Amino acid sequence: MPEEVSSRRSRITPEREAELHEAVLDLLREVGYEALTMDAVAARTKSSKATLYRQWGSKPELVARALRCTQPMSLREIDTGSLRGDFALMVQHSDDAQMAKDTALMRGLAHAVHESPELHKALRELLVDPEITGLQALLQRAVDRGEIAPDCPAVAFVPHMLIGAFIALPLIEDRSVDRAFLGHFIDAVVFPALGV
């Protein structure tokens, strides 16, 4: 299947792909997932539905890939040689405006995920799982370097802590996560939980 996706997706330029992804995200913000159609994406991007289906296969995959392209850097790419350095680089590469947009999009997709198993699967496979795998590798390197105790029970809950911050802050304080909050949250919650 990965070879099929790779060959299927190689027919457009990266610049055109970025344009298509941005149009999908704009439409998601405007109408929400349920009302988003491949017809609307095709009209907005002046492309054919056949092209969209050939490149992405389905609406859920197109949405998940569009969200994935907003990530400034994959967690698996981060390796500064220290846990504090890795998290600092993660925060440094975050963009306040993009985090606010992403939080709003994810909030809007929360209901759709429960209604669409296909969307849930696409988001897990293309967005969530790769980042959790990257975060686990980042944490394992810290364990291997002796920065985190090998038996630290909090390691398994770091993804939950970070995702929870993005969900809770808008509910509790009616604002989106920004770099300042994320850095403070990591220093005050994540590092102490890890014994760092």
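For the chain, the longest principal axis of the C-alpha atoms and the axis of helix 59-68 are separated by about 40°. Run the Debye formula on the Cα coordinates of segment 1-150, all scatterers equal and no solvent, and tell me log10 I(q)/I(0) at q = 0.15, 0.16, 0.21 1/Å. At q = 0.15, 0.16, 0.21 Å⁻¹ the computed log10 ratios are -0.85, -0.94, -1.34.
Inverting the mean 1/r over all pairs of different Cα atoms, compute the Kirkwood radius of segment 72-194 and quote it in Å.
On the way: mean 1/r = 0.0651 Å⁻¹.
Final number for the Kirkwood radius of segment 72-194 is 15.4 Å.
Averaging 1/r across all pairs of distinct Cα atoms in segment 2-67 and inverting the result yields a Kirkwood radius of 11.8 Å. Given their separation in residues at 0.36 nm each and the Cα-Cα distance between them, ASP129 and HIS160 gain 9.9 nm when the chain is fully extended. Centroid-to-centroid, using Cα positions, segment 19-64 and segment 74-118 are 21 Å apart. Site pair LYS49 and ARG179 shows an inter-label distance of 4.3 nm when each label is modelled 7 Å from Cα along Cα→Cβ.
Each reported figure results from applying straightforward, stated rules to the coordinates on display, with no laboratory input. Quick caveat, the model's predicted, so the values are computed rather than measured. So basically every Cβ, Gly included, is an ideal-geometry build from the backbone, and we count neighbours across all protein chains shown.
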